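Student: There's a structure below that I have some questions on.
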Amino acid sequence: EAYNINGCTEATLATFHVDPSFIRLPISPKFVAGDGTVPLLSSKFVNTPSSNTYFVKKISHDTMMTEEPIRKLIAGILSGSGYSDSRIIQDSAQCKIKGKLLGIFSPVDVKITDQDGNYSGPNEFGSFTNNLPGAAYEVLGEEKFVFLPTDEGQTYQIELDATDTGTFDLKIQDIDEDVQSTAYYNEVSITPESVANFDISATSDDASIAFDFEGDGSFESLIADSVLTSAESTDETPPQTSINLSGLEGQNGWYRSNVEISLAAADDNSGVLKTEYSLDDGDTWSIYTAPFEIASEGNTVVKFFSTDRAGNRE
């Protein structure tokens, strides 16, 4: 006779989507209910009747066999005496995750401290520590994703420390089984001294963070580039941009005058955030705001792409 005992309320990496055709490689992970290692959908494939299937809240995969409620449940099954505990249920509909998911796109280190002083992030030994109860921390390539549970009123202090000159993107998603909303920060310029600070909780706004560009203790409010609804947060399709040229046409595709360039972008869900173009083979990029002219004679290469409000790049 078989029994199936499942951890069911720990954030568990279930899928991630990578599209190598994008100009900057995005990774979109999805966390679901499970035991932190095995998603609930996978563990439920064990063929046992519902009467022999149990779900245990706040249980992680690595401590499954040592947690007291599970040991007593097994003893009760073997002895026939049964066992009940508030953490043990038989209705999988009660297995849900609730919290905030941070997506940090490098080059930034992430340091997190909760209300009890527990810490997650880089340590003095050059490795990584995660002592946050119920938190999931995934590093995929250079991208970092952190799920922070907020179902019991937890609060967190977040510190982002830049490690290089460049830009970083930040997504803060409100998760209640599914994504409820997303605050998105696009290409924030940083130096190796830059620091960002903000708090995360079930009630935090997430639409602004404190940002210190020079690392001199002078913080200012950085506002999110977009705040997305639940439906907009599911957008994984990049926008599409069309180009139009106008001028006095000559022969064989040449123009006999200055050429006006206009760009138009469209997106199927979250909407277009910005369109960028380059006239020097991508060494520098400008934000497109209005049609511009090409006045120099000869061949000119125009490169362009758009980014939507969910961060997908064409």
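The values are calculated or read from the model by the stated rules, or taken from the named source; none is laboratory data. On a predicted model such as this, the values are computed, not experimentally measured, just so you know. A quick note on method: Cβ atoms are made from the backbone with ideal geometry, for glycine too, and the neighbour counts reach across all protein chains shown. Heads up: the accessible areas ignore ligands, DNA and RNA and are worked out on the full protein's heavy atoms, side chains in. Shrake-Rupley method; radii C 1.70, N 1.55, O 1.52, S 1.80 Å.
Student: Take Lys58 and Phe292, extend 7 Å from each Cα along the Cα→Cβ direction, and tell me the distance between the two endpoints in nm.
Tutor: It is 5.7 nm.
Student: Next question, about the same structure. Let me know the volume per residue of the alpha-carbon convex hull for the range 224-314, in Å³.
Tutor: 103 Å³
Student: Please list, ordered by chain and number, the residues whose modelled amide H lies under 5 Å from the amide H of Tyr255; skip anything fewer than 5 residues away on the same chain.
Tutor: The list, which skips near neighbours in sequence, is Gly250.
Student: Here is a further query. Using the heavy atoms of the protein chains and a 1.4 angstrom probe, tell me the accessible area per residue for the chain in square angstrom.
Tutor: Accessible area per residue, the chain: 52 Å².
Student: Taking the Cα centre of the range 245-314 as origin, work out the dipole magnitude from +1 charges on Lys and Arg Cβ and -1 charges on Asp and Glu Cβ, in debye rounded to 20.
Tutor: Using only the charged Cβ atoms, the result is roughly 100 debye.
Student: Around Gly7, which amide H atoms from residues at least 5 apart in sequence, or from another chain, sit under 5 Å from its own amide H, with H modelled in the peptide plane?
Tutor: HN-HN under 5 Å from Gly7: Val56.
Student: Step through the residues of the range 111-125 one at a time and calculate ³J(HN,Hα) from phi using the Karplus curve (6.51 cos²θ - 1.76 cosθ + 1.60, θ = phi - 60°), rounding each to whole Hz and writing x for Gly and Pro.
Tutor: So the J values, rounded to whole Hz, are 10, 10, 10, 8, 5, 9, x, 5, 10, 9, x, x, 10, 6, 8.
Student: What ranking, highest mean first, results for peptides 298-308, 81-91 when packing means the other Cβ atoms within 10 Å averaged over each residue?
Tutor: In descending order of packing, they fall as 298-308, 81-91.
Student: How large is the convex hull of the C-alpha atoms of the chain per residue, in Å³?
Tutor: 168 Å³
Student: Nearest 500 deg cm²/dmol is fine: what mean residue ellipticity at 222 nm does the chain get from its DSSP H runs of n ≥ 4 alone, each adding -39,500 (n - 2.57), divided by its residue count? Mind dumping the intermediate values first?
Tutor: Details: 2 runs with 16 residues, N = 314.
Computed ellipticity for the chain at 222 nm equals -1500 deg cm²/dmol.
Student: Show the residues, 5+ positions off or on another chain, whose built amide H is closer than 5 Å to the amide H of Thr37.
Tutor: His61
Student: What does the extension gain come out to for Arg71 and Ser42, with contour length at 0.36 nm per residue minus their alpha carbon separation? Present the calculation step by step, with values, prior to reporting the outcome.
Tutor: Values: separation 29, 0.36 × 29 = 10.44 nm, distance 2.24 nm.
Length gained between Arg71 and Ser42: 8.2 nm.
Student: Which values of log₁₀ I(q)/I(0), to two decimal places, follow from the Debye formula for the range 136-260 at q = 0.09, 0.20 Å⁻¹ with a uniform point scatterer at every Cα?
Tutor: Ignoring solvent entirely, the Cα scatterers give -0.41, -1.25.
Student: If you don't mind, there's one more thing I want to ask. Please state the charge dipole magnitude for the chain, taken about the Cα centre, from unit charges on C-beta atoms (+1 on K and R, -1 on D and E), reported in debye and rounded to the nearest 20.
Tutor: 1260 debye
Student: From the gyration tensor of the Cα coordinates in the range 70-143, what semi-axes in whole Å does the equivalent ellipsoid have, largest first, with each one equal to sqrt(5λ)?
Tutor: Details: eigenvalues 273, 49, 28 Å².
The equivalent ellipsoid of the range 70-143 has semi-axes of 37, 16, 12 Å.
Student: Could you calculate the FRET efficiency of Val302 with Glu236 from 1/(1 + (r/R0)^6), where r is the beta carbon distance between them and R0 is 35 Å, rounded to 0.05?
Tutor: Details: r = 27 Å, r/R0 = 0.77.
For Val302 and Glu236, the calculated efficiency is 0.80.
Student: Okay, moving on. Between helix 68-79 and the chain, what is the angle of the helix's C-alpha long axis to the longest principal axis, kept within 0 to 90° and rounded to the nearest 10?
Tutor: 50 degrees
Student: Put +1 on the Cβ of every Lys and Arg and -1 on every Asp and Glu Cβ in the chain; which of Ser286, Ser84, Thr9 then has its Cα farthest towards the positive end of the dipole?
Tutor: About the Cα centre, the residue reaching furthest to the positive side is Ser84.
Student: Expressed as a whole percentage, what fraction of the accessible surface of the chain belongs to carbon and sulfur atoms when a 1.4 Å probe is rolled over the protein heavy atoms?
Tutor: Roughly 48 percent, rounded to a whole number.
Student: Mind giving me the nanometre distance, one decimal, between the label points for Ala93 and Ser218, set 7 Å out from Cα along Cα→Cβ?
Tutor: Going by the 7 Å Cα→Cβ label model, 5.7 nm.
Student: Where a Cα-Cα gap under 24 Å defines reach, which lysines qualify for Lys100, not counting those fewer than 8 residues away within the same chain?
Tutor: Partners found: Lys30, Lys57, Lys58, Lys111, Lys144, Lys171.
Student: Along the positive direction of the dipole of the range 36-146 (beta-carbon charges: Lys, Arg +1; Asp, Glu -1; about the Cα centre), which of Thr63, Phe105, Phe128 reaches farthest?
Tutor: Positive-most Cα among the choices belongs to Thr63.
Student: With viscosity set to 0.692 mPa s at 37 °C, what whole-number translational diffusion coefficient in µm²/s follows for the range 140-181 from Stokes-Einstein and a Kirkwood radius over Cα pairs?
Tutor: Estimated via Stokes-Einstein, D reaches 253 µm²/s.
Student: Additional query: Return the sequence-ordered ³J(HN,Hα) values of the range 265-279 in whole Hz as given by the Karplus equation 6.51 cos²θ - 1.76 cosθ + 1.60 applied to θ = phi - 60°, using x for Gly and Pro.
Tutor: Per-residue couplings from phi come out as 10, 9, 10, 8, 9, 6, x, 7, 8, 6, 10, 10, 9, 9, 10 Hz.
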